[in-house]
Amino acid sequence: MHIIINIFAGAFLLMGLVFFLGGAVGIMRMPDFYSRLHPAGKLDTLGIFAMVAGLVIYNFHHLSVAMVLLSIKMFLIVFFVFLASPTATHSIVDAGMRAGLRPWTRKKEKES
Amino acid sequence: MKFLGFVIVCLTGGLLLYGTMDLPDWGDPASPASTHLSDYYIEHILEETRVPNLVTAVLADYRGYDTMFETAVVFCAGLACFLLLRDFRPKKDRYFRHIPTGVMLHVKNPEIRIIPGNEFEHMDREWVPSDRIIKTVCRILIPFIQIYALYVVAHGDFSPGGGFQGGVIFGSSLILMAISYNLKTLMKRVTEKFLSIFAATGVLIYVGLGVLAMIMGGRFLDYGMLAPLVPWDPGHIRALGMLGVEIGVGIAVMAVMVIIYVNIVSEGRHDEGL
Amino acid sequence: MNHMPAILVLAPLSGAFFSGLAAWIKPSFSYYIALAATLLSGVAATCVLGDVMAAGTVQYRMAGWAPPMGIELRIDSLNAMVLVLISAIAFLNLVASVRSVDREIPDRAPSFYVMYQLFVVGLLGVTATGDLFNLYVLIEITSLTSYTMIALGEEGRSHLAALNYIFIGVIGASFYLLGVGYLYITTGSLNMQDVAVILKQIPGSSSAVLTAFVLCILGVWIKMALFPLHVWLPNAYAFAPVGFARVVAPLMTKVMVYVMVRLMITVFGLDYVFNTLHLADIVVWLGVIAILAGAFMALFQTDLRKMLTYIIVCEIGYMVGGAWLGNTLGMAGAILHILNDALMTFALFLALGNIVYVRKQVAFSNLQGLFATMPWTMAGLVLAALSIIGVPPTCGFFSKWYLVLGAFEAGAYHFAAALIISSLVCAVLFFKVFEICFFEPMATSHGHHDYGGVVMTEAPVSMLVPLGLVSTAIVAAGVYAGTIVNTLILPFLQ
Amino acid sequence: MTELVGLIVAKYNFWLYIILMMIGLYAMIAKNNLMKKLVGMNIFQTAIILFYVSIGYKHGATLPIIQGDHGGHGTHGAVIHAAEYINPLPHVLMLTAIVVSVATFGVAMALCVRVYRRYQTLEEDELRIRLSEK
Amino acid sequence: MQTGKQEEKRAGFFSFIITFVFMFATWIILSGHFEPLLIGLGLLSSLAVAWFFHDLLFAGAGVRDIGVFVRFCRYMPWLIVEIIKANFHMLYLVFHPRMHQMIDPHIIQFQAGLTSDIAITTLANAITLTPGTVTITANADGGFRVHAIDRQSAQGLPGEMQDRVAHVYGETR
Amino acid sequence: MIYFFSCIAVGLCLVMILPLYRCLMGPTVLDRLVGVNAIGSKTVVLLLLIGYLYERVDMFVDIALAYAFLNFVAVLAASRYFHKRKGLYEESFME
Amino acid sequence: MLWPIDLIVLTFVIFCAVAAITVKDLLGTAILFSAYSFLMCLLWAVMGAVDVAFTEASVGAGVSTVFLVAAVFRTSRRTKD
């Protein structure tokens, strides 16, 4: 039983790490500000979700009321991030638009 | 100036490097700092105060006198921002919007009075409509942040946190309201008078608890002496006293954070902001 | 149980918040609450002084915990004296400032009184406490309030002065905090007595202790504006509102000198300071430079207020040099000079406040005919000036006397010479001022050719009474200087 | 050589705090912009806090919150070993210091806003020119 | 007029109660202590928050409809699946060595037939979270501007997602 | 398993280098903001992981939660600046 | 097994501090300062100072940054160094 829990938890954590890595690489590699927000906004959110899920699975080692409440509390973070992260992303994009930042497009690339 | 700065930095850095040579290693459990007072605190706090969070116990009880002044410092900062920035004079340039038509009016003459109401709305120069999505999300989040802040205040005894942190989070939830709606919405909800009274009251709760202990025959801030007043387990009286103190700190800090933010962001006019 | 040491600090503290609340009911209430609170704290300070003289050191354990665990207030004859001084000056200045505050910051007077009381709390707390970290917090309260109140002065320049003061003041306070950190890591305690006991067991060559000492003293020096670190002081004090300048100028630097003396005597021990370290000569030289620099920079000022601020810089040199002479006489002179200098500076700034109240400007060109129009104020100014110069019946003479004796005993003739030179310079300075005030006619400068009679435009009574009281105190402190030294200072030093 | 390396490794936290502090101090003294100076001030104070927190750290110890006794019903005979918990005192001191630093920060920023309102600049050299003009 | 006011009052009271329940549930989850003192404090603080800020949490339409919660709970798993699919697509893009040829950022606009604040917000957040699209602005009348990273992600808009959101809030056309 | 957690934590720390680079070098202010946002979301998880390393995760959840809130507030405030003051370039690159 | 995290984060913190005082835009300073505070909070959590970390998270990252942005909003973003 413990082995299974550990394997699941580890798998989720690794998945989260991969998501985070993807987000980070995306932030580095993407050509402009707008496209950078895509990996930053999405992959990080899912990364948090996967990692917290993994940690919650790990919590099953010591099942008790306190632990269950703790797990719910950890999911509260996820809930919060799911609500806040897209909004933050949206806010940043909006700021970029209002600040007059031109989006990068394929045509521009060809021209230059 | 750059050269002078560089010289001073080098001198100070050299002094610090020299002084650090003799310090015990990082994380050494046998260093004097970790043995003399800290041992006493760690071993005796739980039985003396029944508070598991040692930091809160030392903060609010053993060194409660410090914390009282810390709260006074916060109050002082709020008052300072009010004193330095608050500007009651009417503004020269004002902007109004005629609500039915959406026309913006720019009023330069301070004599002309337009009463904001159903027809006209007071506007900022750099007014933008508050974003719908942000507004909705913040509307949902703010109550949760607030309950969380109150939770942090109340659970300072068991988990990290306490009055100060809770107060700051509560204050930032109000700041979030000012950011997502606009400053006037916030100032309509929590008026300036309310905030300043809260700031003073918070510290007075702290001082008042201490004086109450003095009246009951103990030293200043000696919460143990409050036991006859509270129909509760007398063993927990110190923990209860700390809770009361934390609430006071939380109230004061919450009010002061909002005061500082509002005054800075509107240059003391309390009309427009971020 | 004797609660006086706690009430001493608590009265202005709770007074501050009550006057903040009362201002919402009626603005003038806050002034009366402030007055009552400072008076109460003055009474408590006097009681504590009586206790100390009767029964020795008074301790007050905050929250009932024994000293190394909790914080204690520890009042011996040295701080008792300073405490009485602070609360008396705070009270008198509050009496004097009701008119000037109404004129300078009319719309924010209640907030000013709240701030003022917090400032007094800070000073009293710094003096009364027996805990190193508590000292830091209270220094920060004092600094924060003074930043704010300095910024309430003249629009623009006072803000820059306050901002400059913030940067330098934060460096000072942080250095002190860092020094406390080094002390804490080597001793594991924060209580002054406890630290002193533990430090005695540590070999003298520990570089951490040396660093701690240097950082603490450096921090305190920055806060007290010793000469090369004084850059913030003249502007800050010159542009502050008068009601605040009158209290910050005499008290802030003196309290910091007290902190230095306390650190030297109680925490590190005179033995460590003078025998293990060999810094005394350098510091006495620093004192000499401070005295001379302060005095000569004062010579070049064309504004009475700026001149007085440089005189403060000069006086700090007296106290630092005297404290570092390394003998009892020098230390006694320095401690006595804390008392005397606070009184003298307070008298000077009170007189200055009166002149500002009547004339608005205090540039030298604007002082003509003051002796005729403001005789009482000028009498106080003359007395204080004589005391600064060091003319015998006034108190300034006696502290200088002790300092000179100490200098001769230590063989620091340069220090004695600097004292005498600065006295001469001060004499020149003040006679220049008196000359302007006495001899030059005022009528032409004001444009109305009314040679017929001189109109008395004396400051209001509420501003003259404190000046009179302080002038009396200056003479009294001079007359009873021997008693003060023998009953309060020397027992402490032995 | 190995001694030196040992010295560096054993106290790396302290060395790094000194670097951080010097960055802050340099910014406070040498930077031209008032806001930059403020940020430098905050970095300086944070470095001190880092120093204190480093004092409190103990290898192999846990947080300064007593474990397994959430109700606070006394110790029930369980002995608390001082070596198991991190020293709480520096944390307490630093809480106070953080509060003080944020208060100073707020006041300084209010002053900056006032200065800007009066002189329309935050650069020190420009401020000096403005002052000498009047 | 009278009834309207009463209606408003009742709605206010209802949202007060709901907010209070939500707050107290949150407190229980956060706290994890079941002592009388802490529960009492929790009641007090939930009351305070609900009293002062009850108009925030449920200001828009659909408050009185419990069905919204149920439908929202049914909508969540679908959303999560979509998000995961989107993220794998994103991962593929990010790690692809010739990423610059594959992406084609452009802005699309469409009109969503949603009216209430909460519905628009849900849709906007869902768009931000799913296939390479980020909401730029959402007008009051439901006009969306969306920044899409490539053609493939842009195709799905405003398709199934909008219908589902509309269904959740009972705004089916 | 604790060892595994610490490996994951170190991995997350290393992943943080990339947003940090964006944050330090980002051509525009908004790029920095994106970087800070990404750092914030990683730190939330990192705090939880540190909690597991100390085996006291119940203490760290509170901090992580507060962290998530305040990251949101900070990012919102900074982006709100551009909603009000429009120019991204006009002031920053003068001379 | 905490020291690697400690070391890495400390290095980050120093980079952030240097960048915060060298960047030629005050809003950038504010944002980098918030990153600095975030990392500082993490550092203190690593060293077991949970209360300090909490305070820094709430004060440094939340409120200080907002104050700084507000002050920049009311003054100017321009800086010469």
Residue list for segment C:13-32, restricted to those being in contact (Cβ under 8 Å) with a residue 12 or more places away in the chain and in a loop (DSSP other than H, G, I, E, B): C:23
How many residues are open to solvent by less than 50 Å² (accessible area, probe 1.4 Å) and either at the interface with another protein chain (Cβ under 7 Å from one of its Cβ atoms) or within 16 Å of the chain's Cα centre (by Cα) (or both) when one looks only at segment F:1-17? 9
Matching option when the condition is touching a residue at least 40 places away in the same chain (Cβ under 8 Å) and within 18 Å of residue C:238 (Cβ to Cβ), among C:162, C:96: C:162
Tabulated pairs, segment B:176-201, first crowded, with 24+ Cβ neighbours inside 10 Å, second not in a helix (DSSP H, G or I), C-beta under 7 angstrom, 6+ apart or interchain: B:178/B:273; B:179/B:274; B:180/B:130
Please list, ordered by residue number, the helices (runs of 4 or more DSSP H) wholly in segment F:1-84 having 3 or more residues that are touching a residue at least 40 places away in the same chain (Cβ under 8 Å). F:2-15, F:29-54, F:57-84
Test residue C:133 against the stated conditions and say whether it is touching a helix residue (DSSP H, G or I) at 6+ places or on another chain (Cβ under 8 Å), farther than 18 Å from residue C:44 by Cβ, in a helix (DSSP H, G or I) and without any contact (Cβ under 8 Å) to a residue 60 or more places away in the chain. yes
Can you find a residue in segment C:192-211 that is closer than 27 Å to residue C:148 by Cβ, within 30 Å of the chain's Cα centre (by Cα) and not hydrophobic (A, V, I, L, M, F, W, C)? no
Taking first residues from segment E:31-44 that are loosely packed, with under 15 Cβ neighbours inside 10 Å and second residues anywhere that are part of a loop (DSSP other than H, G, I, E, B), the pairs with Cβ under 8 Å that are 6 or more apart or on different chains are E:35/D:71
If you go through G:30, G:53, the only one that is among the small types (Gly, Ala, Ser), within 17 Å of residue D:94 (Cα to Cα) and at the interface with chain F (Cβ under 8 Å from one of its Cβ atoms) is G:53
Segment B:155-165 - residue that is outside any loop (DSSP other than H, G, I, E, B) and open to solvent by less than 10 Å² (accessible area, probe 1.4 Å) and, of those, nearest to the other protein chains (Cβ to nearest Cβ): B:165
Here is a list: A:69, A:55. Which entry is assigned to a helix (DSSP H, G or I), at the interface with another protein chain (Cβ under 7 Å from one of its Cβ atoms) and surrounded by fewer than 20 Cβ atoms within 10 Å (Cβ to Cβ)? A:69
Restricting to segment B:20-52, name every residue that is open to solvent by 40 Å² or more (accessible area, probe 1.4 Å), of a type outside the set (A, V, I, L, M, F, W, C) and at the interface with chain C (Cβ under 8 Å from one of its Cβ atoms). B:22, B:32, B:35, B:36, B:40
I'm told residue B:23 meets every condition in (1) within 31 Å of the chain's Cα centre (by Cα); (2) aliphatic (A, V, I, L, M); (3) at pLDDT below 85 except one. Can you identify the failing condition by its number? (1)
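Can you go through C:53, C:4, C:62 and tell me which one is within 28 Å of residue C:193 (Cβ to Cβ), surrounded by 24 or more Cβ atoms within 10 Å (Cβ to Cβ) and not aromatic (Phe, Trp, Tyr)? Even if it seems obvious, please write down each step before you answer.
Working: C:53 fails: surrounded by 24 or more Cβ atoms within 10 Å (Cβ to Cβ); C:4 fails: surrounded by 24 or more Cβ atoms within 10 Å (Cβ to Cβ).
Of C:53, C:4, C:62, the one residue that is within 28 Å of residue C:193 (Cβ to Cβ), surrounded by 24 or more Cβ atoms within 10 Å (Cβ to Cβ) and not aromatic (Phe, Trp, Tyr) is C:62.
I'm trying to understand the selection: among the residues of segment D:102-130, which are at the interface with chain B (Cβ under 10 Å from one of its Cβ atoms) and open to solvent by less than 10 Å² (accessible area, probe 1.4 Å)?
Once the filter is applied, which keeps residues that are at the interface with chain B (Cβ under 10 Å from one of its Cβ atoms) and open to solvent by less than 10 Å² (accessible area, probe 1.4 Å), segment D:102-130 yields D:102, D:103, D:104, D:105, D:106, D:107, D:108, D:109, D:110, D:111, D:112, D:113.
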Going by what's in this entry, would residue C:363 be described as farther than 22 Å from residue C:466 by Cβ and in contact with a strand residue (DSSP E or B) (Cβ under 7 Å, 6 or more places away or on another chain)? yes
Residue G:79 hydroxyl-bearing (Ser, Thr, Tyr), open to solvent by 10 Å² or more (accessible area, probe 1.4 Å) and within 7 Å of another protein chain (Cβ to nearest Cβ): yes
I'd like to check which helices (runs of 4 or more DSSP H) are fully inside segment E:70-173 and have at least 2 residues that are modelled with pLDDT under 75. E:99-102, E:151-155, E:160-168
Can you report the number of residues in segment B:154-173 which are at pLDDT 90 or above and in contact with a Lys or Arg (Cβ under 9 Å, 6 or more places away or on another chain)? 0
Of all residues in segment C:324-369, how many are on the phi > 0 side of the Ramachandran plot and of a type in the set (Asp, Glu)? 0
If you take the residues in segment A:19-37 that are in contact (Cβ under 8 Å) with a residue 24 or more places away in the chain and either open to solvent by 10 Å² or more (accessible area, probe 1.4 Å) or facing chain F (nearest Cβ under 7 Å) (or both), which one is farthest from residue E:128 (Cα to Cα)? A:31
Could you identify the single residue in A:40, A:88 that is over 20 Å from residue F:55 (Cα atoms), within 7 Å of chain F (Cβ to nearest Cβ), touching a Pro at 6+ places or on another chain (Cβ under 9 Å) and open to solvent by less than 20 Å² (accessible area, probe 1.4 Å)? A:40
Looking at segment F:36-59 only, could you name the residues that are at the interface with chain G (Cβ under 7 Å from one of its Cβ atoms) and either more than 25 Å from residue F:2 (Cβ to Cβ) or open to solvent by less than 10 Å² (accessible area, probe 1.4 Å) (or both)? F:36, F:39, F:40, F:43, F:46, F:47, F:50, F:59
Selection within segment C:11-29 - facing chain B (nearest Cβ under 7 Å) and either open to solvent by less than 60 Å² (accessible area, probe 1.4 Å) or under 23 Å from the mean Cα position of the chain (by Cα) (or both): C:13, C:14, C:17, C:20, C:21
Give me a count of the residues in segment C:383-401 that are open to solvent by 40 Å² or more (accessible area, probe 1.4 Å) and over 15 Å from residue C:476 (Cβ atoms). 2
Only one of B:86, B:113 is touching a Lys or Arg at 6+ places or on another chain (Cβ under 9 Å) and either away from chain D (no Cβ under 14 Å) or modelled with pLDDT of 75 or more (or both). Can you tell me which? B:86
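The values are calculated or read from the model by the stated rules, or taken from the named source; none is laboratory data. Remember, predicted model here, so these are calculated numbers, not experimental data. Ideal geometry is used to build each Cβ from the backbone, glycine not excepted, and the neighbour counts take in all protein chains shown. Just the protein is used for accessible areas: all its heavy atoms, side chains included, with ligands, DNA and RNA removed. Shrake-Rupley method; radii C 1.70, N 1.55, O 1.52, S 1.80 Å.
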